[in-house]
Amino acid sequence: MIACDCAGTLVELDETTARMTIVRDGHRWRTSEATQPALRIAGQVVAIPFCQAEHITAERRTTGTGEAVTVRYEGFAGTDYAFETHVWIESTTGDVIAEWVPLNDAALDVTRVTWPAPFTFDEPNGDWVTLITHGQGTMIPNDWPTPTSAIPFDGRYWTEGGYMPFHAQIRDLRHPDAAGYVAICETPANAGYVIDHPAHGPHTHIGTWFEPSLGRMDYRRTVRYRLLAGELATVTGVAKTYRAWADEHGLLRTLAEKAVRNPSIRQLPGCMWMHVGAKTHIQPDSSMYDAEHPERNDALVTFGRRADQLRALRKAGVGRLYMHLDGWGQPGYDNQHPDYLPACAEAGGWEGLRALADTAHECGYLFGLHDQYRDYHCNAATHDDRNAVRLADGSIPEHARWAGGRQQYLCGRLAPDYVKRNYREIAAHGVELDGTYLDVFTCNEGDECANPGHRMSRADCYRERARCFRWLLSRGILTSSEEVADWAMPVLVFCHYAPYDFQLAAPDAPRGGVPVPLQNLVYHDCVIEPWMMDRVTGGDDYMLYALLNGGAPYLIRDAAYAGIDGDVGGAGIDGTLEDDIARCRVVADLHRRVGMLEMTGFDFVDGDVFRQRTVFADGTSVSVDLRAGTYRIVFGDVA
């Protein structure tokens with residue numbers, strides 16, 4: 001056992017087992033004996049624990065920035081594979097930084113490193129909670145009755161499974177002596193979390209995993225632990241701790257800052273959202289193709305009919321609206337990307353699309369398009385295997401899951417050039433866009449490409465996606481994508497949605513925890529999030545979550561694919577257009593006031609997880625009772 005202390009924090013490390021103990025403010029956190037840090041090797045079922053290294057050496061070091069324990073592990077599986085772990089205490093903050101550093105990476109084909117291990121968190125108590133950034137945010141009490149199921153994208157950070165690269169645990173949440181920690185992954189491009197919570201507990205174990213980049217574990221991986229106590233050991237305290245870190249690292253760019261460059265952003269707060277399509281065509285080689293009912297594979301709503309719909313909404317009293325249009329290109333929705341132009345002839349062609357945009361503007365509405373620069377359809381006019389993502393083993397991934405049939409993935413290095421080509425042509429045809437939506441960029445993981453002509457790491461891919469957004473913003477086109485991974489916060493204006501995890505599942509599916517607005521506590525003033533407004537038969541009214549989160553409302557949300565992406569289908573309660581507009585107006589009016597403000601607080605009213613309250617920077621508070629289906633808005637004093 002070797003120990004170091006600094007700035008009020010003590011760290012003890014067992015160099016053989018890699019078991020770590022952190023003590024601060026009288027609270028002790030110790031990694032679990034049940035899970036050992038380990039290496040996963042290609043072709044081997046059983047992982048190799050760190051303790052099986054042939055040689056383990058440790059030393060304590062004093063640096064100019066803190067106190068550290070360095071452990072060297074070398075000799076695994078008969079090779080000279082070697083790495084070091086550095087666990088050190090930062091002298092200015094008392095934070096504990098855990099670093100995994102490769103030394104001889106080529107000796108083994110390592111596919112995953114699981115380290116640091118989870119902390120022991122084994123009290124069967126509802127006030128012992130774990131916070132994860134799956135979707136908008138989930139809090140898992142240790143006695144929660146539902147076991148954790150598979151997290152999307154295997155818990156990978158910067159995907160639907162982990163919008164933000166942190167997790168947290170709090171002991172005694174509702175007590176003055178609460179204690180917790182936030183684990184921030186500072187190298188999230190090739191990382192994620194693994195979580196285990198059995199039905200009713202008694203434990204929740206959560207730890208970090210790292211994977212290779214382009215087949216190599218060839219750079220340092222880092223997790224920062226910040227210990228919290230008292231008033232900071234709350235849901236709000238956790239989120240604000242991460243917000244401060246995000247600000248320090250250049251991720252926090254408020255809508256007000258973005259509006260200096262793109263003033264039209266200020267037209268979005270108070271809008272209702274309308275998501276509709278024009279042309280649908282399902283290819284015969286798509287897994288969605290209905291061979292028994294071929295007529296179901298095609299649908300068309302002309303641009304002219306959509307323009308009539310806008311006029312009808314204006315007449316019905318909808319004052320502000322953003323229209324998102326799917327299926328506007330000749331191939332139809334999710335087909336032949338990135339060669340999607342020209343505008344669909346059957347729907348009205350370029351003239352009809354231009355007229356639709358003009359109609360939106362005449363109504364005082366905003367207009368934008370759906371687009372795609374990741375799915376690379378094999379029947380696209382300029383498709384070339386040499387432009388597709390190639391894995392390190394030389395293979396090119398492909399599938400035929402969506403409407404367009406057989407597809408690969410476009411290498412992100414090439415995406416900005418296609419964006420520029422297409423949007424210059426759209427502009428040349430006189431279609432005036434307020435915004436556009438680049439599908440999956442902020443929901444799906446970044447890609448890696450081993451093609452030497454456009455070699456790209458996952459981190460490179462995120463940078464290329466950001467280049468696409470920046471170019472659009474430079475043309476005055478507001479940017480959006482599917483969800484809200486925080487790498488995109490500096491360049492994203494709004495999104496398709498940022499829902500709680502349960503809102504993308506069947507309405508009657510067991511929930512994995514208590515919904516909490518972690519994303520909005522960090523980034524509410526940085527990105528606009530439209531919210532589902534469904535009323536579920538015998539269940540939730542999603543309007544309450546829209547209000548609680550100070551979000552924009554969906555007046556019309558025609559899901560592109562039935563039964564997925566949060567489409568509640570037959571479980572929803574249909575209302576009249578008049579009723580839908582009235583409900584949306586309540587949400588839109590609140591959003592007009594708070595849509596560009598920080599969410600400053602969140603709590604459970606009287607400790608009841610079904611009664612939640614949020615507070616915004618102008619003092620406005622929103623309280624909802626999720627059981628009773630009621631809400632209360634108290635406006636603040638600051639206009």
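The values are calculated or read from the model by the stated rules, or taken from the named source; none is laboratory data. Keep in mind the model is a prediction, meaning the values are calculated, not measured. Cβ: placed from backbone, ideal geometry, glycine included. Neighbour counts: every protein chain shown.
Quick look at the values:
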quantity: Boolean, Thr187 is in the same structural domain as Ile41 (by TED's automatic domain parsing), at negative phi and either free of Cβ contacts under 8 Å to residues at least 60 places away in the same chain or among the charged types (D, E, K, R) (or both); calculated: yes
quantity: Among the candidates Asp334, Asp285, Asp290, residue that is in the same structural domain as Val419 (by TED's automatic domain parsing) and either part of a strand (DSSP E or B) or at positive phi (or both); calculated: Asp334
quantity: Hey, Thr17 over 15 Å from Glu99 (Cα atoms) and either in a loop (DSSP other than H, G, I, E, B) or not assigned by TED's automatic domain parsing to the domain that holds Trp100 (or both) or not; calculated: yes
quantity: Test: residue in the stretch 518-541 that is buried (at least 24 other Cβ atoms within 10 Å of the Cβ), outside any helix (DSSP H, G or I), among the β-branched types (Val, Ile, Thr) and not assigned by TED's automatic domain parsing to the domain that holds Val419; calculated: yes
quantity: Test for Ala415: is it farther than 21 Å from Cys461 by Cα and aliphatic (A, V, I, L, M); calculated: no
quantity: Single residue of the stretch 69-92 satisfying the filter (assigned to a loop (DSSP other than H, G, I, E, B) and in contact (Cβ under 8 Å) with a residue 24 or more places away in the chain) that is farthest from Asn104 (Cα to Cα); calculated: Thr92
quantity: Enumeration of residues in the stretch 17-58 that are loosely packed, with under 15 Cβ neighbours inside 10 Å and touching a helix residue (DSSP H, G or I) at 6+ places or on another chain (Cβ under 6 Å); calculated: none
quantity: Condition met for Trp350 (more than 20 Å from Pro452 (Cβ to Cβ), among the aromatic types (Phe, Trp, Tyr), surrounded by fewer than 20 Cβ atoms within 10 Å (Cβ to Cβ) and out of contact with any Gly (no Cβ under 6 Å at 6 or more places or on another chain)); calculated: yes
quantity: Residue among Tyr81, Tyr73 that is at pLDDT 95 or above, among the aromatic types (Phe, Trp, Tyr), in contact with a helix residue (DSSP H, G or I) (Cβ under 8 Å, 6 or more places away or on another chain) and over 20 Å from Cys4 (Cα atoms); calculated: Tyr81
quantity: Identity of the residue in the stretch 1-16, free of Cβ contacts under 8 Å to residues at least 60 places away in the same chain and either of a type in the set (Ser, Thr, Tyr) or touching a Ser or Thr at 6+ places or on another chain (Cβ under 6 Å) (or both), that ends up surrounded by the most Cβ atoms within 10 Å (Cβ to Cβ); calculated: Glu12
quantity: Matching entry among Tyr554, Tyr561, Tyr545 (being part of a loop (DSSP other than H, G, I, E, B), in contact (Cβ under 8 Å) with a residue 12 or more places away in the chain, closer than 30 Å to Arg401 by Cβ and aromatic (Phe, Trp, Tyr)); calculated: Tyr561
quantity: Where a residue in the stretch 622-635 is in the same structural domain as Ala588 (by TED's automatic domain parsing) and touching a residue at least 12 places away in the same chain (Cβ under 8 Å) and its partner, wherever it lies, is of a type in the set (Phe, Trp, Tyr) and assigned to a loop (DSSP other than H, G, I, E, B), with Cβ under 7 Å and at least six apart; calculated: Asp625/Phe610; Leu626/Phe610; Arg627/Phe610
quantity: Per-region count, the stretch 218-243, residues of a type in the set (A, V, I, L, M) and under 17 Å from Ala485 (Cα atoms); calculated: 1
quantity: Residues of the stretch 233-282 that turn out to be within 26 Å of Glu186 (Cα to Cα), in contact (Cβ under 8 Å) with a residue 24 or more places away in the chain and part of a helix (DSSP H, G or I), as a count; calculated: 13
quantity: Members of the stretch 568-620 found to be assigned to a loop (DSSP other than H, G, I, E, B), closer than 15 Å to Leu548 by Cβ, of a type in the set (A, V, I, L, M, F, W, C) and touching a residue at least 60 places away in the same chain (Cβ under 8 Å), listed by number; calculated: Leu597, Val609
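Yes/no matrix, rows are residues, columns are (1) within 17 Å of Gly404 (Cβ to Cβ); (2) at pLDDT below 95; (3) surrounded by 17 or more Cβ atoms within 10 Å (Cβ to Cβ); (4) not acidic (Asp, Glu):
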residue	(1), (2), (3), (4)
Ile282	yes, no, yes, yes
Gly304	no, no, no, yes
Asp308	no, no, no, no
Ala312	no, no, no, yes
His324	no, no, yes, yes
Gly329	yes, no, yes, yes
